Every structure is written in structure tokens, then in C-alpha cells.
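The values are calculated or read from the model by the stated rules, or taken from the named source; none is laboratory data. Remember, predicted model here, so these are calculated numbers, not experimental data. Reconstructed Cβ throughout: ideal geometry from the backbone, glycine too, with neighbour counts over all protein chains shown.
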Amino acid sequence: MMAYIVRRALYAIPILIGVNLLTFVLFFVVNSPDDMARMHLGAKRVTDEAIQQWKAERGYDKPLAWNVQAKGIEKLTDTIFFDKSVRLFAFDFGQSDSGRNIGHDISQRMWPSLAIAVPIMLVGLTINISFSLMLAFFRGTYLDFWGVVLCVAMMSISALFYIIGGQVLLGKLLNLFPISGYDTGIHAWRFLILPVVIGIVSGIGAGSRWYRTLFLEEINKDFVRTARAKGLSEQAVLFGHVLRNALIPILTGVVVVIPTLFMGSLLLESFFGIPGLGSYTIDAISRQDFAIVRAMVFLGAVLYILGLLLTDISYTLVDPRVRLN
Amino acid sequence: MSEVAKPERSPEAPVLQVQGLKTHLGASHNPVRAVDGVDLTLRRGETFVLVGESGCGKSMIALSLMRLLPPGGRIVAGEVLLEGRSLLDLPEVAMRGERGGSIGMIFQEPMTSLNPVMTVGRQVAEAVRLHDPQHAGDSRPRVIELFRQVGIPDPERRVDEYPHQLSGGMKQRVMIAIALAGRPRVLIADEPTTALDVTIQAQVLELLKDLQRETGMAIMLITHDLGVVAETGDRVGVMYAGQLVETADVRPFFAQPRHPYSRKLFRALPGPEKRDQGLDIIPGMVPPLDQPFPLCRFLDRCEAAQAVCREAPPPWQGSPGDGYRCHLAVDQIHLEAPVLPPRRHAAKTDRPLMQARNLQMYFPIRRGVLRRTVGHVRAVDGLDLDLYPSRTLALVGESGCGKTTAGKALLQLLRPTGGSVRFDAQELTRLKGEPLRRLRRQFQIIFQDPASSMNPRMLVEDIVAEGMVAQGLGGSRADRRQRVARLLDQVGLPEAALRRYPHEFSGGQRQRIAIARALAVEPRLIVCDEPTSALDVSVQAQVLNLLKELQQELELSYLFITHNIAVVAYLADEVAVMYLGRIVEQGPVSVILNQALHPYTQALLSAVPVPDPAHHRSVLRLEGDMPSPANPPVGCHFHERCPRAEARCREAYPPMVEIDAGHRAACWLVSEGQDEQVSDISSKGESE
Amino acid sequence: MPFQPVILATDALVYLLILLAGISAFYTHRHEHLQMPWRQVGRSRTAMGALVVIGFYVVIGLLDTLHYRPANGTDAQGNPRYATEVMSVLDWAATPLREHREKTYSAPFSTHLYMRETVELPDGSKVRDYPRLKWGGAHLADPDDAAMDIVQRSLLGILVGAGLWLGVLLIFARGRWAVMRGWWQDPAHGPQRTAAWTLLVMLSLVGLSLTLAGAYHVFGTDKVGEDVFYQSLKSIRTGLVIGTLTTLVMLPAAILLGIMAGYFRGWVDDVIQYLYTTLSSVPGVLLIAAAVLMMQIYMSNHQDEFNSLTERADLRLLFLCLILGVTSWTSLCRLLRGETLKLRQLEYVQAAQAFGVGHFTTLMRHILPNVTHIVLIVVVLDFSGLVLAEAVLSYINIGVDPNTNSWGNMINSARLELARDPVVWWSLAAAFVFMFALVLAANLFADVVRDAFDPRLRERS
């Protein structure tokens, strides 16, 4: 079992190298640093000196991957590839294009992101499981039918409308919560409630319908018939057998996203002005700060792979068929 | 051991009575009448066997009694009385007390019928807590006791294991333990052994008998196997198209079945005594059940039908527990003795068509961080086989013994790990690319599952012609089509089948198409991998007839892979018995069936239920399960289960010894007595 | 010629898509067993109703795909000169909507601007008031009559819709009343009845827009005075293009790699798995953002390579489809790989092997036809997600060109006005209504299609 997990962990290395190469190609080969500089400096008739200076300030003035002028090992290390891409492996994200320390920013901003994402995940999971379990219990009845229709309708609404609708209705018209902003420490909750509620509600449609399919799939299995043949009540069958088995795909589906919770929610954070990593990313995109986008791409990939690894581990913990083989 | 206080009842007291039961499935305006008016009675301590072919509604009866019908299923009429109480009128809450309490049920598929993420002990404990208030508090001792009762070794350890850690036979024992937890008066067993091997089937059936003797419960056993009926039943009910067509005590039933359908079933059974002729068949198919039947359901397929049969539905003749549903008196039912063409069995020639020597098929087991090969699953481990022209070699064994792998390795569908396979003096294992591709037309394969053996998106014409196209045979498109039509005719299908898709045909018809497909390239050898095990008896007879006929006509050799001994007895010239990747005994069919020497062959043969209640066989029960081919026991692979194992059996694998002309076995006990005789045996040709 | 046809890059792909759909429809029509799942779809009331709604969107989207340049006088040789501006048939049909530009915001059905302006009265004095609109309700002498006028026009519109409806039904019934009555009474025609009722609703909406949209701004106007209803109609094509072309462009790679990985296994499988695991481990939004940023740089540095704004916006739309395709092919590839692994174990594949049938033939004959249902299900299921994704991406400014009409752009520009008091809500409402109807219909339809083709295939969230 350990060997399997170690193997999976080792497999992450070539994947990360792949991601790294991909981002390098995307950011430095498709468009040269000169193009970037020209784009940033804006003016049509920008001078070569200005471009050179812009590049030098950000360390983009080196050769891409092979420094002919350097000596020895520096032929490799004194390049953009080494400075900007290889260093990511050490989680050395460097400076943003506007000169800030990205690593420091990330460590500051991940907490507000978590403060939103974790409650959305936990409360959302509880609500979705309860709701879909109810639909599964009443399967085939009108309650189930209209419940599914409600789910489909809810998942047909763009997340943007949930946010805008929530802000206008709960924030502006009813004046229950502040529309946007953030506060440090314990006072943050006032600003968190609205985005969290919206995050949960917008996820109910897709989540509940998906879990309902999982439950119904288990309900049709032979061992559920065995459980009924024992004389168990429908509730006991549902909680003792169906839920137990369906929780395996549900939990492992949740585990895979746990690490990426750090990345925050792009939309919620930017709408509500919460200084998390999501709004950090959005701001970087709109300011066209490539250094930050590059760092976030790499960080996201690392977290996703970590999620896959955690999924493998959680499978071995939850499912005796995997654990005992 | 049993704590059941046996209530003093007359042995005749009916425990369960079913009257006029009708169960419908699907839409109400056009329902499938799965059960259409069934009456039956179960008495204390007796075993009532419901026998019938697939789709006749026998499982639906069981599920109706439990009120566990699938969605869309409903009981529309009838009464079910358990010890006088009506089950159908009970509210659902009260019915739960009966389910698993007074009626226990076990299902066909032990593999999927247990919850994979719960220990088997807890699954049994659930039933104990519900139905055994005495042990509701601390159920563990009672669970262990139940495990012991159903013969699970080492129950203290087993209760904490998960289903996937148990073998199929053990899982079925756990299912039985669950059913026994409520000390049921009635046990419904729906094909409890169909998914199990014969040696395991014998264990489970014996267990059921023992438990019945101990507890006095009534058993309703559902099966399609007349052998199982003879073996275990006290009374039998024959189902056809949603109705019981005959009910009788088992002995008189086997001596003199009355309903034409029952009689035809017996005639369609393969067996050694029918070797030199064809098998009788039941023409046509079971009618679909989504229609009302104003007349006899068997009418279209019945050769004894008379004018009266076309006028009214058949009455029930005889008493409710002993009678049959037919217009005609027993002596009025004339079934023609079938005119069956004689079948010759070709003599052995000198030169084998295909010869395998020390054939090995290993699959690596990879472990660890670097996926290094730490061992091998030895699916086929040193196989010697000779296949002669126009003859049939049956490769017999239980599931997991490697017989299917062996068939595929012979045809190079899997490339063997070692050894040699010669076809007509040409070494196949070293052949690659185009030469092998061209040679492939000489040897073909027919698979077990008619559902997955044909591409659902292709026309029958293209399916049959596929081999011809690939091998560049059959000339122009028009010529090919003509040839396909001729082939279809040869296997008994109309030309209209050309332009149709596989799903429009029944299982038996599809198997014929598969045979036509293999024949299209004019092979000399066909590997038949369990071609009839997914088919009902009547359909199996048609396919076996066809195979035999074709062999005679086209001088085909067959390697017939099967676990069905009756089919072997009917079809094979020679038999090779496989155990854990190796052949343990091999010889002419009559010798193997009657004078087997290897203890495994003996046990395998004795475990096969024979459709004759008067047949008393010396039962040789095997304990335990087949070991894993990844880790075979040291010494003789069979010694752990062998009732006659000695010290040296645990030390070395016995050599293959020739006992008689063509009869060889690998067993220390056999070679011991034979050592000096082997040299004496002059190479007589066998008589056949 | 009074016009010169123009085929933009996405137009060409849309035509290709129609061609492919036509070919497969023809092929399906010829093969009984391929029709069976579609028949099951046809028996579903939900699916038929949803299909009618989707049909209306598709028609509008197609009208908006037929592009041309109108003639614009003649040059010295007498040859017609064509305008640089690219128009579509929809633009032509909605000319009044397109041309009725107000100064700035106006509420739905309003006759006055949403903002006070200094208005010069006939007597020369100036007051700050809400001025009359240039077009909205301009035909009314007294703006107070608007309510009555709207009711009259609505009734007329519904009547027109009902008339059209009867006409359509009669065409389907080949002009015979008895056939139509039969539909109404036969319980087996439930799905057709649902379709007919949906058709009535949709045609009434068409009738309403015919009678109302020319005289009023039914969804108001936006900041620069453009009719919001017109914007919503124009956004339909963008949504449909993203929802369909994205899957179209990713299909070849996903299918080829997926079945190759499953069929050949070994190192081929390892390489392909590595490829899609790597791609899918980059967060989708970030990959899209990075790619779109790079494209923006490229486009801003190569401005002169594009003939017109329309062409540039169209290429950007196509590029967005491509990059969305790159991020979404991995899940289909994984599904197909799994299915192929199962299929290759099946006995008919082994039978082909026993005949010496080659790998390529086996893949084409035995594997590919038996995974098409999965491809179809994924295409249908992905559609609504992509339409929703467009809105989000456009909102983050990494979606379609800001000049392209899209629901995302509508929301994006309207959201800034939410802080205004009273709220300018109509752009949002219009985008919401149009998107919701399309996505809901697509979701309902997709559900039925999935159940009909493969109820066991679970969607991957």
C-alpha cells in the first residue's frame, strides 16, 4: 500500500515538470519578453531603451534557456528558464511585474480565501447530501421529480447572477449584510456571510443532482436488495448501506478539491472585494501581471496534484477493497 | 447446536401457501405478466424446487413472496399465506418483521449481494439484531455461532473480514448465515449455486440439506438445472412462461414426467447414452409475456398438440400438489421418438493437427514503487495437448483453472510465455506478422457470451464476412454475400438474417451466427470456449447438434472448453482435466468418466448433480477452494484439498504417468501402483 | 450584386458542423438500430419541449451566421463597392432595432430617457427633465397613452403568434384538421403536444417582438443607447458558437488519443495519460487566462494583420473556443480511454483478432462506432457548461472580444451600473432571461439524451 502511494507521489514529479515547461513555453516562447514589454509600455512608438530597461528591471533580459556568454554551469542557470521556471520548484515565486514579493503576497492572502472556501465546502456538502438523500428516499414520487427540476433550474443559472442577485437582494435592498469589503481578524465574519451563503446556494443544483445519481446507483445494487431481504427498514437501508457506499465517491470527490481551496474563489472574492488569492489572480489577469499568473498556474497545478494524491490516500482509508489489497 | 425448539406439527402442515399469484411488470396498459396465476404449497421440512428456463418467472415468484419486487413490479392478484397469515395484506412495517425473520432469502450472485464496505460479521449482525431479540444486545457470539453453523472455518477471524476477502463459496455461506439469523420457517434460495463451481455447489447444496434437517425449515429452491432438482428436491414445480405446468414429487417426476414440456426438457439433456445420435430439441422460442394467453402457452412448440388444445386454455389435471396443466391424459401425449441422424466419432489418426508442449502462460505480478515483477500468475503452467483431425478434445476444469487462457494461448490470441505450439508441423509461437495472420484462417474460436461476441453496430452479413475479408477469401462482394447466405443456411438461419443486426436474435441464434462466422474462413480447428454455458437446455441442444453435425461434415477438430460434464460426455472423444494451470488427468472420454484415477477428477465428477434421483453416487466432497495460481502450493497443487494426500504429495509435484493407452494422470498415488506396469503396456490403439 | 457574402472563420466551422450533423442524421435515418435511442428521446415530453426552445435559438444563431457586406454605391468602373462593415441576415432583419439608438439609458417600454437633461422648451426656456426618446414610443402623440398602446400591440402580437402557430401545425398535419384532432386526442402523442404548446409560447414571443420591438425598447437601452433586446439577440450566436465549436475542435484529439490509449495500452497509454494529466492539472481558468493574455499581446502587436474589427473579434472568438477545447478535451479523452479498455476485452474484438484483422480496421470498425454514444452525450452535456463559462470568462475580461455581443459582456458592462440608484437592471435581466432559457432547455435535453443513450454513464463534475 505504501509503495502505491510513494509511486503516485513520484509520478507527480514528471507532471510538475510538464506543467512547468508548458507555462514556460506559453509565457516566454509564444511571445518574447520584448512583446510583453511593448504591451506593458503601451505606447506605439516605444524606444528600444525603454524595452531593455523594462526587461532588465524584471530579469527578462537574459537568454531563454542557454546562455552562450556565461561560463560553466551558469550557461544553464543564468537564463530566464532557470530564474523564472526552475525556481518555482523551490516555491520561489520571485517578484511580480510590479515589484512585489509574490511568495509573501500568497502567504498573506490565502487566509481570507480559506475563510470563504472552507465553510462553503463543509456547509455545502452537508446541505447537498441531505437534500439529495431526501430525493433518493422519495425517488419516483412527485417530490423527487420537482426536486430534480429545481436542481436543473438552479444549475442553469450563471454563478454571476447568484452573486449579483444576492448582493442586490440581501445586501442592497434588505440591507442585511455589507455588500463588499473585508476586515481583519474576528470582525471578518460580517463580510463573509453573504459570499458564503451565495457560494453554497449556487452549488446546490449541480451538487445535489450529482449526489442523487450516486445514491440511486447504489440503491439498485444487489446488496441493497439483500439488506431489504433482511427486513431492514428503508431508513436503515438508506443510511446504513446506500449512504455508506455512496460516500466513497462523494468524499474522494471532495478530497481532490481540498488543496485547491487555497486558491480561493475567483468570482466571489472579486465581487465582494475580499483580499484572497482569487481576487489576487483576477487583479493580476486584468493588470496583465505575468509573473503572478505564472506563479498561480504553478501553484494551482501543485495543489491539484496534491489533491489527486490525497484522493488516492483517502481511497485506501475509506474503501476496504483498496485498503486490504 | 441448533437452538430452534421444534414445534410439534404434523409433517404435512403447510408452512407457505400461494394461491393465484399474479405479478406484473412495467406499464399498466401493456404489462409483462411475469407470474400469471401460480398456486403452490410448501410443507415443513420439505424442499420444493422450482425449475424452468430463463425468463419463465421463477425469480419473480420469489421476489413476490418477499414483497421485494423491482420498481414497476406489482402483485395484481393472489394470496400468500405464511402459517395461515396473509403476507400480502400486511402493512410494510409488519412485513419487515417477516422478511429475514420467518422467510429468509439467498440470491444467485454472492459476489454482488454483500455490501463491499461492511464486514461480513456486521452484515449478519444486522439481521440478528432485527430478528433475534435474545441476542440483540451482544450479537457477536450469535454471529460466530451462525458462521460455525454454515461451515465457515475460523469464524472468530472471518467475522471481521470484508466480502472481497472471501471466496465465492464462502460469501454464499455468509448469505445463508444472514438468512438463518431470524430462524426462518421458509428459506427461499434463488439459483444459490449457479455462479459457483460444481465442487463448491456440492458443498453449498449439502449445507442447505444439513441445515434443513437441523431446523426443519421448508426450502424453496429455484434452479434451471435438472440435476440439482434430482439431488436436493422433495417436490418439483416446472415453470413455463409465467405458469406452473407441472407439479410432482421428485421421484415420480423423474420416472415419468407428464407435461410435454417437461418430457422434452429431459430429451434435450446431453449425456453419454446419447453420444451416437443427435439431441432432441424444442422448436421455436418461449413466447413473450406481454400478451394474454387464451390458449396453452406451449401450443406452438408442442408436437403432441391436438384439436382440443386450440379451443380452450388447458385445465389443471390432478391434485394441486401433484398434477399438470394440459388437455391431454398422460397416455394421450405422443411425442414422436425423434428421428435423429446417427453420429459417427472419427478414429484417431497418427498425426495431431495441433500439438502443444509445455505451454506456459504467465502474467507478471508487479509490486512496489518501481513496479518490479515480484512473481507470476501461472495461469497455464506446462500444458501438453494433442488435437487430432475430426476429433473433439474437451478441456475441463473449474473457473480459474486456466482453461480459457490455455485456449487463447494455443491460438496465439495471447502470446505464450514459454513452450511450443505446433499447427500442422509449423511452430506458431515464433510466428509473427503476415505469416501468422495468413495462418489464422486455419484455427478459429467461438466464445461463451453470445451477447458480447458480436459488434452490435454491424450487420450479420458483415459480421460473418469479416474473416473472409480479412483473409482475402470469397472473391467479389456478391460472391461473398452468396457464401454468407450459404453459411447461414448451414447453421439453420434464414437468408433474411443477412440484413439484420445481432440484437434482433436470441442467444441461441446469435451463437449460430458466431459459428457461421468462424466457419466462413474454412478453419480446420475450432476452439469452443464454453459455447453453451450461457444457454438454456433446449437451446443448448440445438447448438450441440449443430456442432456435431458440422464436425462430421467438415472434418473439424474441436477443443471444447467447458465445465459441463454432461456436454463432455455427449460430445468429446477425449478429455483433459485441468487444475491450477496444469493437466492432472487425460484420456478417452469413457475412461475418464468411468475409471478416473486422479482424486481431483473423481471429486469433480462426483460433485456433478445427476438428473436421476435414484442415482446414488459415492460422493467425494472437496473441502476448501482452489488456491491462487499466483502462489500454488508446494508439491502436488491439489494436496491441500485432496482427501488422500500423503507426505510426499506435499513435497514434489507428481510426474505424468501413462496408465493405459492415452490415459495419463499426474498423481503420486497413481504412479505408485503403475510404475512397473507402465513399461508393460503395449501401445494398443484405443477402441472407438 | 447588392451584397457580397462573407464567411468568417467561425462561420466556416458552423457550416462544417451543420454538414456533419446532416451526414450523421442521414446515416442514422438509414440505420434502424441507431434510431432507437433517438426515438426514446422523442418520447420524452421534456426533451421535445426543450428541443423547440433550442430550435428557436439555433434559427436566430444561424441567421446571425449568414454574413455579408452590403453594397455601398459603385466605384469609377461601375462595379459595386462594398461597405467595410460586415452585416448578418439577423442584422438586416432587425434593422429597426439596430438603428434605433437613443442617447443613453432608458428603461424597458419607456418613452423617456432615464436621465435628466436640459431640455429646451418651445418657448425658449430650459428645464432639466427626462426628455422623450428618439425612437421608443415616438409614434405616440401623448406618452401617457403608452400603456394602452402596449396592451393593444401585445394582444395583436399574441394573435400573430397564434396565427403562425396554426399555420405551422397545419403544415405538419399536411393541411388536414382530422390529423390535428387525432394528435390532440391520442395519449401516445403527449410529447408532440408538449412540443406544440412550447411552440405556441415561442411563436407568441416572436409575435410580441414583431409588434412591440419596433416601437419600443422592450428591454430598454444601455449606456450608449443601444437596444438591449437587439444585444441579447446578437449574443445568441456567441453563446451557441462557444457551446458547440469548442467541442467540435476538441473532438478529433480527444477521440483519437482516447481510443488509442485504451486500445494499444503500454507506452502509448502512458504517454497519453501523462499528456492529459499534465494538462488537466493546470487550473482551467488560469490556463485560459494565460493563453488569452498571450493572444492579446500577439493581437496588439500584429494589429495590421486583420482586415476589420469584426474579423478580429471573430478570430478571438475562435481562439477562445480553441483554448476552451484544450482545457476540456481531457475529461472526454479519459472517458473514451476507459470505455475502449472495456471494449477491447469484448469477444468480438478478440474474434477480429483471431481473423487477423489489422489494428486500424479494428479501431475503425469495432471501437469507434461503439464509443460514439459517449461522444454524443459529452457534446450535449458540455454545451450548457460552456455557455455559462463564456459569461464568467467575459466577466474576467478573458472571454470574447469586448466588441462582440455576448451575455457575458452585457453582464460585465451592466454590473458597474448596479451601484446607481435607482438600479439599472434591464441589461442584467435580459441576459438572465436569454441565458437561463437556453441553458435550462439544453440541460433538460441533455438529461434525456444521456438517459436514452447510456443511463450508466455518470457525468463527471
Some residue of segment B:158-171 being in a helix (DSSP H, G or I), more than 27 Å from the chain's Cα centre (by Cα), crowded, with 18+ Cβ neighbours inside 10 Å and outside the structural domain of B:E398 (by TED's automatic domain parsing): yes
Tabulated pairs, segment A:234-250, first in a helix (DSSP H, G or I), second hydroxyl-bearing (S, T, Y), C-beta under 7 angstrom, 6+ apart or interchain: A:I250/A:Y211
Test for A:V224: is it modelled with pLDDT of 90 or more, within 13 Å of chain B (Cβ to nearest Cβ) and touching a His at 6+ places or on another chain (Cβ under 9 Å): yes
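Conditions (1) among the charged types (D, E, K, R); (2) without any contact (Cβ under 8 Å) to a residue 60 or more places away in the chain; (3) over 20 Å from C:T278 (Cα atoms), marked per residue:
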| residue | (1), (2), (3) |
| --- | --- |
| A:V255 | no, yes, no |
| A:S286 | no, yes, yes |
| A:A291 | no, no, yes |
| A:G307 | no, yes, no |
| A:L310 | no, yes, no |
| A:R321 | yes, yes, yes |
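Which count do you get for residues in segment B:391-439 that are part of a helix (DSSP H, G or I) and more than 17 Å from B:D529 (Cα to Cα)?
Matching residues across segment B:391-439 total 7.
For (1) out of contact with any strand residue (DSSP E or B) (no Cβ under 9 Å at 6 or more places or on another chain); (2) surrounded by fewer than 13 Cβ atoms within 10 Å (Cβ to Cβ), each residue gets a yes or a no:
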position	(1), (2)
C:D129	no, no
C:D144	yes, yes
C:A147	yes, yes
C:V151	yes, yes
C:G157	yes, no
C:L169	yes, no
C:P187	yes, yes
C:Q192	yes, no
Selected residue [surrounded by fewer than 17 Cβ atoms within 10 Å (Cβ to Cβ), within 14 Å of chain C (Cβ to nearest Cβ), in a helix (DSSP H, G or I) and hydrophobic (A, V, I, L, M, F, W, C)] from A:V46, A:V25: A:V25
Segments classed as helices (runs of 4 or more DSSP H), wholly inside segment C:349-461, with at least 3 members that are within 14 Å of chain B (Cβ to nearest Cβ): C:359-362, C:372-395
Odd one out for B:L411, checked against (1) more than 8 Å from chain C (Cβ to nearest Cβ); (2) crowded, with 18+ Cβ neighbours inside 10 Å; (3) closer than 18 Å to C:H359 by Cα: (1)
Residue that is modelled with the highest pLDDT [pool: residues in segment B:178-200 that are out of contact with any strand residue (DSSP E or B) (no Cβ under 6 Å at 6 or more places or on another chain) and of a type in the set (A, V, I, L, M)]: B:I178
Residue within segment B:596-608 that is within 30 Å of B:A630 (Cα to Cα), within 17 Å of the chain's Cα centre (by Cα), assigned by TED's automatic domain parsing to the domain that holds B:A485 and assigned to a loop (DSSP other than H, G, I, E, B) present: yes
Identity of the residue in segment A:136-154, at the interface with chain C (Cβ under 10 Å from one of its Cβ atoms) and among the β-branched types (V, I, T), that ends up surrounded by the fewest Cβ atoms within 10 Å (Cβ to Cβ): A:V149
Hits in segment B:556-591 (condition: of a type in the set (V, I, T), in contact with a helix residue (DSSP H, G or I) (Cβ under 8 Å, 6 or more places away or on another chain) and under 18 Å from B:A347 (Cα atoms)): B:V568, B:V575, B:V589
Inter-residue pairs, beta-carbon under 7 Å, first over 14 Å from B:G121 (Cβ atoms) and within 11 Å of chain A (Cβ to nearest Cβ) and in segment B:161-182, second aliphatic (A, V, I, L, M) and buried (at least 19 other Cβ atoms within 10 Å of the Cβ), 6+ apart: B:A179/B:M105; B:A179/B:I106; B:A179/B:L187; B:G182/B:A127
Residues being touching a strand residue (DSSP E or B) at 6+ places or on another chain (Cβ under 6 Å) and among the acidic types (D, E) - total across segment B:491-537: 2
Helices (runs of 4 or more DSSP H) (entirely within segment A:276-325) containing at least 2 residues that are within 14 Å of A:M263 (Cα to Cα) and more than 9 Å from every other protein chain (Cβ to nearest Cβ): A:277-287, A:290-318
Of all residues in segment C:270-283 being more than 9 Å from chain A (Cβ to nearest Cβ) and buried (at least 18 other Cβ atoms within 10 Å of the Cβ), the one that is modelled with the highest pLDDT: C:I272
Hits in segment B:369-393 - residues which are over 15 Å from B:G581 (Cα atoms), in contact with a strand residue (DSSP E or B) (Cβ under 7 Å, 6 or more places away or on another chain) and not β-branched (V, I, T): B:R372, B:G375, B:D386, B:L387, B:Y388, B:P389, B:S390, B:R391, B:L393
Number of the exception - B:I75 against (1) among the β-branched types (V, I, T); (2) within 14 Å of chain A (Cβ to nearest Cβ); (3) touching a helix residue (DSSP H, G or I) at 6+ places or on another chain (Cβ under 7 Å): (2)
Criterion (more than 9 Å from every other protein chain (Cβ to nearest Cβ) and either in contact with a Gly (Cβ under 8 Å, 6 or more places away or on another chain) or surrounded by fewer than 19 Cβ atoms within 10 Å (Cβ to Cβ) (or both)) met by exactly one of A:L232, A:L176: A:L176
Selected residue (only one of B:S59, B:S113 is closer than 30 Å to B:L535 by Cβ, within 33 Å of the chain's Cα centre (by Cα) and within 10 Å of chain A (Cβ to nearest Cβ)): B:S113
Residue selected from segment B:270-304 under the condition in contact with a Cys (Cβ under 8 Å, 6 or more places away or on another chain) and in contact (Cβ under 8 Å) with a residue 12 or more places away in the chain, by the criterion nearest to B:V245 (Cα to Cα): B:C296
Yes/no for A:I157 being part of a helix (DSSP H, G or I) and either within 14 Å of chain B (Cβ to nearest Cβ) or of a type outside the set (G, A, S) (or both): no
Options B:L207, B:L146: the member that is modelled with pLDDT of 90 or more, out of contact with any Ser or Thr (no Cβ under 8 Å at 6 or more places or on another chain) and surrounded by fewer than 19 Cβ atoms within 10 Å (Cβ to Cβ): B:L207
Residue within segment B:254-269 that is free of Cβ contacts under 8 Å to residues at least 40 places away in the same chain and under 17 Å from B:H224 (Cβ atoms) present: yes
Residue identified as crowded, with 23+ Cβ neighbours inside 10 Å, over 28 Å from B:L605 (Cα atoms) and either under 16 Å from the mean Cα position of the chain (by Cα) or not assigned by TED's automatic domain parsing to the domain that holds B:E398 (or both) among B:I178, B:I200: B:I178
